[in-house]
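Trainee: Quick one: the structure is below, questions incoming.
Throughout, read-outs are computed from the coordinates displayed, never taken from laboratory work. Quantities reported herein were computed from a predicted structural model and do not represent experimental measurements. Every residue, glycine among them, receives a Cβ derived from its backbone with ideal geometry; neighbour counts consider all protein chains shown.
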Amino acid sequence: MENARITYEQHVAECRQCRADAAPCAVAKHFWRLYNNARRQQLRAPGPQARPAPGEQSEG
């Protein structure tokens with residue numbers, strides 16, 4: 001999950017289109033979806049690693 005977030009952040013910081021448009025490009029959106037999918041999978045997984053991301057409320 002952290003790798004997906006870091007990949008997204010690095011892309012947005014380095015992508016000429018993301019910086020010029022002040023909006024994420026298609027590749028950045030894809031990386032963000034990968035991060036969200038990894039986060040959801042981690043939240044669904046049983047065990048101590050299943051915790052909400054910072055700023056989110058846990059279910060239940």
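Trainee: Can you give the net charge of the other residues whose Cβ lies under 15 Å from the Cβ of LEU34, counting K and R as +1 and D and E as -1?
Mentor: Summing Lys/Arg as +1 and Asp/Glu as -1 gives +3.
Trainee: Using θ = phi - 60° and the Karplus form 6.51 cos²θ - 1.76 cosθ + 1.60, what ³J(HN,Hα) does each residue of the stretch 14-23 get, whole Hz, x for Gly and Pro?
Mentor: 9, 6, 5, 5, 4, 6, 5, 8, 6, 8
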